[in-house]
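Notes follow the structure.
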Amino acid sequence: MKPHTTARLAYRAAALFTRLPWSWLRAVATLLAWLWIRLNARESRVTRRNLELAYPELSDTERAVLHRNVLRSTALQAIETLRLWTQPRERNLARLTERHGEALYDAALAAGKGVIVAAPHYGNWELLNQWLASRGPIAIVYKAPDEAVGDAFLQLVRGGDNVQQVRAEGPAVRQLFKVLKDGGATGILPDQQPKAGDGVFAPFFGVEALTMTLVNRLAERTGATVLYGWCERIGPDMDFALHIEAAPPAVADPDPRTAASALNAGIERIARRDPAQYQWTYKRYTLRPPQSGEDDPYATEDHPH
């Protein structure tokens, strides 16, 4: 079966699933989080290790509560995303019951110097993508799945008016430079670990993390405005608050570590608003600074007893 055909079948299945009452879908999310913990699944193990690294000041009991809340929020975010992908954009945007900073984004776009939206893995970034597309063309950087079916599915659910999906690969930088030079906008998830050699180490929750330099390179060379953007869950019925904020000038500093440190500080501040809504299931710290003597902190989690 061709990838596009399989992707469309997956889309239809997701659309049927998300037609269930929201109370049922929330129950599914709760069950999924419970299973992750019960089975000591990868999501549970990685989250536990991340919280040990990022929140050493918490007691074991406090960290266990946060661990459960993170997993439930992660499961809920996955189901929310399926719903957002399979419903009309207008209906989804109506879920933004609070909007902060819309004028800031519109003014930056109107200035014609280009806009870089740094969107952390916090709340629901897919809803943010749809809001950005509602304001005009947006080039979204993404890491393509290994399987052709997965990529075809993303092209289907994220595509549409005003959306250009740019693979996070070599040619991407040239594409983004052109978009920004033409006064356009791009959305970047800035808290993904780049490949060794493609970033610099900078503190994130007190731990050195390999951090992308793409944002500061683009901003420094094009003069584009850098904004933080996120959609935060604020109610039990898929209600969200949109936030757009100016990033500090230091994110465009010519010194990569200075810029990366400023970028990470902003992401950390956003994540601390409600730690359960941040994506702690991601292995953020696998690569360690050269000559540090540190081991991959997830190595033991990959081989649970």
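Taken together, the values in this text are just the output of simple stated rules run on the coordinates, not laboratory data. Remember, it's a predicted structure, so these values are computed and weren't measured experimentally. Don't worry about glycine lacking a Cβ; one is built from the backbone with ideal geometry, like all the others, and counts go over all protein chains shown.
Remarks
- Rounded to the nearest whole Hz, the Karplus-based 3J(HN,Hα) values (6.51 cos²θ - 1.76 cosθ + 1.60, θ = phi - 60°) of the stretch 146-158 follow the sequence 5, 8, 4, 5, x, 5, 4, 5, 5, 4, 6, 7, 9, with x at glycine and proline.
- With the simple model of a label 7 Å out from the Cα in the direction of the Cβ, T30 to Q291 spans 5.4 nm.
- Around the Cα centre of the chain, unit charges on the Cβ atoms of Lys, Arg, Asp and Glu (plus for the first two, minus for the last two) sum to a dipole of about 840 debye.
- Listed peptides 256-263, 10-17 by packing density, highest first (mean Cβ within 10 Å): 256-263, 10-17
- Note, ³J(HN,Hα) from phi for the stretch 180-187, Karplus 6.51, -1.76, 1.60, rounded to Hz, x at Gly and Pro: 6, 4, 7, x, x, 10, 9, x
- Each 10 Å bin from zero holds the following percent of Cα-Cα pairs in the chain: 6, 25, 35, 26, 7, 0.
- Computing FRET efficiency as 1/(1 + (r/R0)^6) for E169 and R257, where r is the C-beta to C-beta distance and R0 is 22 Å, gives about 0.35.
- For V226, the residues 5 or more places off, or on other chains, whose built amide H falls under 5 Å of its own are I116, A247.
- Between A41, G136, S73, the Cα set farthest toward the positive side of the dipole of the chain (charges on each charged residue's Cβ, about the Cα centre) is that of G136.
- For A185, residues with placed amide H under 5 Å, excluding near neighbours: V115, A139
- Annotation for the stretch 266-296 versus the stretch 45-68: alpha-carbon center distance of 12 Å.
- The string of couplings for the stretch 244-261 from the Karplus curve (6.51, -1.76, 1.60, θ = phi - 60°) is 10, 9, 6, 7, x, x, 4, 5, 10, 4, x, 7, x, 5, 4, 5, 5, 5 Hz, one whole number per residue in order, with x for Gly and Pro.
- Note on N162/R91: beta-carbon distance plugged into 1/(1 + (r/R0)^6) with R0 of 25 Å gives a FRET efficiency of 0.90.
- Amide hydrogen proximity for H100: with H placed 1.01 Å from N in the peptide plane, the residues at 5 or more positions away or on another chain lying under 5 Å are L242, H243, I244.
- Sorted peptide list for 62-73, 84-95, 130-141, criterion being average Cβ within 10 angstrom, highest first: 130-141, 62-73, 84-95
- Considering only A224, T97, V207, the residue lying farthest towards the positive end of the dipole of the chain is T97, judged by Cα position with unit charges set on Cβ.
- Cβ-based charge dipole, the chain, positive-most Cα from P297, T30, A7: A7
- Reference-scaled alpha-carbon Rg (2.2 N^0.38 Å with N residues) for the stretch 14-79: 1.24
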